[in-house]
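Just so you know, all these numbers are worked out from the coordinates, no wet-lab data involved. Worth saying up front: this structure is predicted, and the values here are computed from it rather than measured. Methodologically, a virtual Cβ is constructed for each residue, glycine included, from the backbone with ideal geometry; neighbour enumeration extends over all protein chains shown.
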Amino acid sequence: MRLALAGINHHTAPVQLREKLAFRVEDLPAALLQAQARGAKEALILSTCNRVEIAATLNENIPAETLLEGLLAGRDDISPDLLRPHLYLYEEAAAIRHLFRVASSLDSMIVGEPQILGQLKQAYAVARDEGAIGTILEAVLSRAFSVAKRIRSETEIGQSAVSVSYAAVELAREIFGSLNKKRVLIVGAGKMSEATARHLLRAGAAEILITNRTQQRAEELAGLFHGEVIPYELFPQRLGDADILISSSAAPGYLLTRDLIRTAIEARRNQPMFLVDIAVPRNIDPAVNDLEHAFLYDIDDLQRLSERNLQTRREIAEQAEAIVDEEVARLEARLRVRDVAPTIVSLQEELEALRKDVLSRYRPRLGSLTADQEEVLDALTRGIINKVAHGPISELRRQAADAQRNAVPLQEGEFVSVVRRMFRLRDR
Amino acid sequence: MSVLWLRTAAALYFCGLVYALVYLFRKRTRLFNPALIAFAAGTVFHLVSLVELHAETGHLPLNNFYETSSLCAFLIAVFFLGAYSYYRISIFSVCLFPLVFFMTLIGATEFPVASWSSQQVRSIWLTIHIATVLIGYASLVFSAVASLYYLLQERQLKRKSVSPSANRLPPLATLDRVITQSMNTGFVFITIGTVTGVVWAFIESGTRWIAEPQIGFFLFTWVFYLAMIFLRVSAGWRGRRIAWLAVSVLGCSIITWATHFGLGNLVSR
């Protein structure tokens, strides 16, 4: 069994591809089942605006490339060849490292942004509910969550984190100067838009209008910000009211077309309009940016923007990487000992059963014995099996430790299986 | 006598000009109704003057540039009042009030008046003319510079090459406000400068002034400027287009300036 991970993210693939590959939450269970059907013992799919990845444990004979098929299961419109140049594949320690880095936001578009941990936890919850999480992923993910926590408390990654929403606020200031009296329209009430709305309000925005396909979620958000809810069918008519528009709807295709925005700008008498598209797939037609007075930024643009003042965050990230290194080594060691541990335990149990069996057969012939003699007999037999077991057990431990020291995967099936065969250990 | 009525009409039209200038700064001004009444009264006096001129000369007042200008102004005024009484659209007044006033003013300079009452008045008048025109130009230059910044900032934002932490250019909306305000201020001063200039030229050079090229350029620049202000106010033009217009108006003004000093001499030679 080995851990493998495959995926694409904002470093390797453009938004056009990411939006194609992104999973809707309701499609995740089916995809997890597919992955399991293709030979994954355990599986987890993480799909956010910036990344789509699958982590799984595979048997030795299944190539990691299989994961790619898992990602594409049920999507006839994307060919594996289209995806392959953008794909990364990690195994074992590299996969653990990657998951740790993702969880602690070191691999995020905007390093240090806090949302990714929640997204990973959610992906974990979905996989667990589908029964796709076993001992290895459980160990890796629960460790990943605590590594993320540790990095957040031991480095300043959180304080310096400039989220996408913050970049959006900065840009709004470049256009409007003060955000006083500015109206914000939120299309699609997700976590990201919530964070952005909060930033904008803090920066002085006057009013928040919210529209969402499910009215209830819009009302929740409106309650949070004292905003106004606009029925989803009616929002195109209110576009002209928005100085700033944040779109993060899960709608497929372009929700906001060039014509819609042009009409809105005319209704605003050519007052500028700032549009932020944080949805993947994108909600706003990129041609909107060609309209005068419309300034459209998608998630990639916001990233490029915030990369420029990333220098200090990079330094903090280096400290964080050191923590990741340490934690990866620690978890690997634990997982390796776990690899040999079942064999050691069953060897001990097997010998103990043998001892009890033989003892119960010969004990009646000895007649009555004092308590002391009974104790000696017990110690004698126990001593013999311990001596017999000592050689193989210490060799197993040594091999596990060697593998860890040399950072090579434990050659399962060699020494371990020899021991199992020699002592006729049953698979447990 | 007809000239007197025409000058009365011009004076009444002047109220319209004042309204248009005030409107640029205070959109909610209540001056429209008084200005409209004055303008309508001006049109009546204008009619009286035209009728009288016709009675004096026995033909339609289309003899020369002045008369044509005056008649044309009268027709514009009548069209405006007609359209207003039917559609109640007041926004045209911002453009037409100043235009009618100027054309009537030009028409009223057909008959030369006596020269300056004193040398002092003449020099004060000239000072006012030059000072207002210069203030107007200064505002216009300011507006054009802000426009260039606007175009740069807009380009950066469109190309997504702006970096908020390093960018020294002011926000787009601020630049837009600066352009508007300096443009409006410039318009007020250049308008005053134009009125004083026309009157000055008229008194100094009699009826010959209209043929001088620098005056022609000056009036052309002013009309261009007026058109820009009108597009801004009525059609909601802003941003890139207004920025380009501001730069063009400045270009025109530079030509006007050149005609005063260089071209003017060349032409008169």
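Numbers at a glance
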{"read-out": "Charge dipole (debye, nearest 20) of the range A:156-280; +1 at Cβ of Lys and Arg, -1 at Cβ of Asp and Glu", "value": "180 debye"}
{"read-out": "Residue exposure sequence - B:Met228, B:Met103 - by fewest surrounding Cβ within 10 Å", "value": "B:Met228, B:Met103"}
{"read-out": "Calculated on alpha-carbon atoms, Rg and Dmax of the range A:72-214 in Å", "value": "19.0, 54"}
{"read-out": "Among A:Arg97, A:Arg183, A:Arg238, residue whose mean-square fluctuation peaks in a GNM of chain A (springs only between Cα atoms under 10 Å)", "value": "A:Arg238"}
{"read-out": "Residue-wise HN-Hα coupling along the range A:247-262, computed from phi with Karplus coefficients 6.51, -1.76, 1.60 (Hz; x: Gly, Pro)", "value": "10, 9, 6, 8, 5, x, x, 7, 7, 10, 8, 4, 5, 4, 6, 4"}
{"read-out": "Contact order normalised by residue count of the range B:119-268, Cα under 8 Å, 6+ apart, percent", "value": "33 percent"}
{"read-out": "Shielding by partners - mean other protein chain Cβ count within 10 Å, residues of A:177-189", "value": "1"}
{"read-out": "Coordinate range along principal axes, alpha carbons of the range B:71-182, Å, largest first", "value": "64, 48, 16"}
{"read-out": "Relative contact order %, the range A:164-307, counting alpha carbon pairs below 8 Å whose residues are six or more apart", "value": "23 percent"}
{"read-out": "For the range A:194-205, Karplus couplings with θ = phi - 60° (6.51, -1.76, 1.60), whole Hz, Gly/Pro x", "value": "4, 4, 5, 4, 4, 4, 5, 4, 5, 7, x, 4"}
{"read-out": "Per-residue average of Cβ from other chains inside 10 Å of A:367-377", "value": "0"}
{"read-out": "Most mobile of A:Thr370, A:Thr211, A:Thr155 in a GNM of chain A (Cα contacts under 10 Å)", "value": "A:Thr370"}
{"read-out": "Dipole of the range A:164-307, positive end: most advanced residue of A:Ala222, A:Phe235, A:Val280 [Cβ charges, Cα centre]", "value": "A:Ala222"}
{"read-out": "Of all DSSP beta bridges in chain A, antiparallel share, percent nearest 5", "value": "50 percent"}
{"read-out": "Nearest-20 debye value, the protein assembly as shown charge dipole, Cβ charges on Lys, Arg, Asp, Glu", "value": "900 debye"}
{"read-out": "Ranked packing of A:280-288, A:56-64, most packed first, by mean Cβ within 10 Å", "value": "A:280-288, A:56-64"}
{"read-out": "More than 11 Å apart - percent of Cα-Cα pairs taken over the range A:6-55", "value": "65 percent"}
{"read-out": "Average other protein chain Cβ within 10 Å of Cβ, residues B:155-163", "value": "5"}
{"read-out": "Neighbour-count ranking [beta-carbon atoms within 10 angstrom, fewest first] of B:Thr104, B:Thr196, A:Thr263", "value": "A:Thr263, B:Thr196, B:Thr104"}
{"read-out": "Residue order, fewest to most beta carbons within 10 Å, for B:Trp222, B:Trp5, B:Trp125", "value": "B:Trp125, B:Trp5, B:Trp222"}
{"read-out": "Cα-only radius of gyration and Dmax that characterise the range B:27-85, units Å", "value": "13.7, 46"}
{"read-out": "Translational diffusion of the protein assembly as shown, µm² s⁻¹ [Kirkwood Rh, Cα pairs; Stokes-Einstein; 20 °C; 1.002 mPa s]", "value": "66 µm²/s"}
{"read-out": "Set A:Lys41/A:Lys387; A:Lys182/B:Lys160; A:Lys181/B:Lys160; A:Lys149/B:Lys158; A:Lys121/A:Lys182; A:Lys20/A:Lys41 screened for pairs whose C-alpha atoms are more than 29 Å apart", "value": "A:Lys41/A:Lys387; A:Lys149/B:Lys158; A:Lys121/A:Lys182"}
{"read-out": "Three-way shape call for the range B:2-107 based on the alpha-carbon gyration tensor, with the a/c threshold at 1.5", "value": "prolate"}
{"read-out": "Cα shape, the range B:119-268, gyration tensor, a/c 1.5 rule", "value": "prolate"}
{"read-out": "Charged-residue dipole, Cβ positions (Lys, Arg, Asp, Glu), the range A:1-140 about Cα centre, Debye nearest 20", "value": "220 debye"}
{"read-out": "Relative contact order %, chain A, counting alpha carbon pairs below 8 Å whose residues are six or more apart", "value": "13 percent"}
{"read-out": "Equivalent ellipsoid semi-axes - Cα gyration tensor, chain B, angstrom", "value": "36, 24, 15"}
{"read-out": "Gyration tensor (alpha-carbon) shape descriptor, the range A:236-329, a/c threshold 1.5", "value": "prolate"}
{"read-out": "Charge dipole (the range B:47-206, unit charges on Cβ, about Cα centre) - positive-most of B:His59, B:Ala173, B:Ile106", "value": "B:Ala173"}
{"read-out": "HN-Hα J in Hz across the range A:210-227 - Karplus 6.51, -1.76, 1.60, θ = phi - 60°, x for Gly and Pro", "value": "10, 9, 8, 4, 8, 4, 4, 5, 4, 5, 4, 5, 4, x, 5, 10, 6, x"}
